[in-house]
Amino acid sequence: MKVLVNAQPLLTKKTGVGNYVLKISEEFLKTCPGNEFSFYYGGVSVNSLDFALAGMGGIKKMEGLRKFIMQIPKVRGLYGRVKKLASRRALSMQEFDVYFETNFVPELSVKAGKTVIMVFDLSFLNRDWTPDYRFKFFSENFEKNISRADLILTCSETIKREIIDRYGYPEQKVKSVYLGLDFNVFNLNKNASVNTGLSGKYILYVGSIQPRKNIQGLLEAYRNLPPALKAEYKLALVGFDSWNTDKKALTADGNIKLIESVEDDRVLAEIYRNASLFVMPSFYEGFGFPPLEAMACGCPVVSSTGGSLPEICGEGALYFNPHSIPELAARMEEVLSSEMLSSSLREKGLKTAERYTWEKCGKETLKVFRDILKQRNESFE
């Protein structure tokens, strides 16, 4: 079975999509060693995941140039056309059994027997949650291109149902496979030698800084906490990929600290372990790594009911309506004021996190590939 994996999300600052591409690719290589997998980086396709992970000097420079270009509308359009031509040339001489598009929109020039597309969520449909250039790109390309997929993968039943209901696809064309956690990193094992840059007691948020994440709602809820709790607990925001948010305004309150980037997951895990409470305030999520990572590190979780979060977090979190700031403040106060509730959430959170493993995710995804190939009366082991 020859599989092409779109590995381009590995070239940017790590997000949920990039984390997924890395971990699922590592599982593919563990399960099916050899040269069965090719990793596509835009203009070049190689048989090694190390191309992105080791060194990456030239690639990082290219990505820096890409980010600069994307800020210039006229040049951005030219860049897109040049990239498409380079992509088609790089892929024109190769054929694959399965093309796995890990990032929503497939490259139509790929020659493959079957195409599987990963769709994490449909947040791009909301203009308020999406930068203009991204909204335009998805409006022009997503629906017409995704219709060519042989199978659409999602990371939750919630998003699976959204896709079926919105686009009218049959049940058999959309399948959900839960993602996983790296328990070698995200666990209960505290490491006092790790410097997190945080001290004292704090409430924690981890994720991108953008409107969909409801950061303003979290800030207002924090300000609405009783003065004694605010004095005892700071609010720590570990954020990245800021969009349409004034970062300076976030830290106008001296009790709020913004850490813009944590590159080392070992540091991030220690930040989770030392937090008194983790809050996921999002209006909408397709999966949500941070609350599960917090659970695996023994941190109690308060989560919104946005998107698939109740499905993914199960009994491991205490929930609130993301559109109700008083309700969010009340949930935070409940956990911070009750050791019994906090301990219960820690215990339930650990059990919830155990459900999500990359090994299971990798095996189920490979089974999806094999199953769609068998539809052509082909047998691959």
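Each value in this text was obtained by applying a stated rule to the coordinates, not by laboratory testing. Keep in mind that what you see is a predicted model, and the values were worked out from it rather than measured. Neighbour counts run over all protein chains shown; Cβ positions are idealised from the backbone, glycine included.
Cα-based radius of gyration for the stretch 202-353, normalised by 2.2 N^0.38 Å, reads 0.93. With neighbour counts taken as other beta-carbon atoms within 10 Å, the residues F28, F135 rank, fewest first, as F135, F28. Report note on the peptides 276-286, 337-347: ranked by the mean count of other C-beta atoms within 10 Å, highest first, their order is 276-286, 337-347. At full extension, Q375 and D165 could sit 73.1 nm farther apart than now, given 0.36 nm per residue minus the alpha carbon distance. The length gained on full extension between L341 and N195, counted as 0.36 nm times the residue separation minus their Cα-Cα distance, comes to 49.7 nm.
Our summary gives the stretch 202-353 a relative contact order of 24 percent, counting only alpha carbon pairs under 8 angstrom and 6 or more residues apart. Note: relative contact order over the stretch 220-282, using C-alpha pairs below 8 Å and six or more positions apart, is 28 percent.
Between K351 and E260, what length in nm is gained on full extension when 0.36 nm per residue of separation is reduced by their alpha carbon distance? Show your work: numbers first, answer last.
On the way: separation 91, 0.36 × 91 = 32.76 nm, distance 3.01 nm.
Extending this stretch completely gives an extra 29.7 nm.
Think of each Lys and Arg Cβ as +1 and each Asp and Glu Cβ as -1; about the Cα centre, that makes the dipole of the stretch 231-283 roughly 160 debye.
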